[in-house]
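A quick write-up on the structure given underneath.
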Amino acid sequence: DKTDKYSIVLFGIKYDESYDENMGDTSNVYFMGPRDYKVLKNYAKKCDILTIPFKINNITRATSPVKVFEYMALNKPIVTTDMNECHKYQSIFIAENHDDFIEKLETSLNKANDASYIELLEKEAKENDWSMKAKAIIDLISENEH
């Protein structure tokens, strides 16, 4: 099984019993619980691949996960489920289903040290940092004043 070669580290809150019911005896999945937002990047730096494995539904389909920009800034390969917002970025590996997610993990791992891919991550991170977003808003306001 391709997934046995990965160690999966999850952070967050258990909102219901679904994790315990579905992940019980999985030996390579580590649930760390909630962590202070400020220290999450320290964990992420140690990972080979960063993921956003949201279950796709009406809410997540419309989600724009801000953490992808933080992941980009860390120069780590990113694999997500098929959220519409993620299609805007070339650096994100978007999985359409479970098997594709596993394939995207394999593909992204091979890009971890690819200079052109790292350059793309840096470019998209810079284009989406808060100062660029603020400038775009200011420019839009200025255009509408004239």
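The values are calculated or read from the model by the stated rules, or taken from the named source; none is laboratory data. From a predicted model like this one, the values you see are computed outputs, not experimental measurements. Every residue, glycine as well, gets a Cβ built from its backbone with ideal geometry; the counts of neighbours run over all protein chains shown. Accessible surface areas use protein heavy atoms only, side chains included; no ligands, DNA or RNA. Shrake-Rupley method; radii C 1.70, N 1.55, O 1.52, S 1.80 Å.
A few points about this structure:
- At 1.306 mPa s and 10 °C, Stokes D of the chain from Kirkwood alpha-carbon radius, µm² per second: 94
- In the context of the full set of protein chains, the chain has a per residue accessible area of 70 Å² (1.4 Å probe).
- Against the main long axis of the alpha-carbon atoms of the chain, helix 115-127 sits at an angle near 60°.
- Compactness index (Cα Rg / 2.2 N^0.38 Å), the stretch 76-131: 1.15
- Nonpolar atom fraction for the stretch 1-94, defined as the carbon and sulfur part of the 1.4 Å probe accessible area, stands at 52 percent.
- Farthest positive-ward along the chain dipole, Cα basis, beta-carbon charges - from Ser116, Gly24, Val79: Ser116
- Angle between the chain longest axis and helix 130-145 axis [Cα atoms, degrees, rounded to 10]: 40
- Given +1 at the Cβ of Lys and Arg, -1 at the Cβ of Asp and Glu and no other charges, the dipole of the stretch 1-139 around its Cα centre is 660 debye to the nearest 20.
- Karplus (6.51, -1.76, 1.60) ³J(HN,Hα), θ = phi - 60°, over the stretch 17-25, in Hz, Gly and Pro reported as x: 8, 4, 4, 4, 5, 9, 10, x, 9
- Over the stretch 39-128, Cα pairs under 8 Å with separation of 6+ residues give a relative contact order of 29 percent.
- Considering helices alone, the calculated mean residue ellipticity of the chain at 222 nm is -12500 deg cm²/dmol, with DSSP H runs of length four and up weighted by -39500 (n - 2.57) and normalised per residue.
- Nearest-ten-degree value, helix 98-111 long axis tilted from longest Cα axis of the chain: 70
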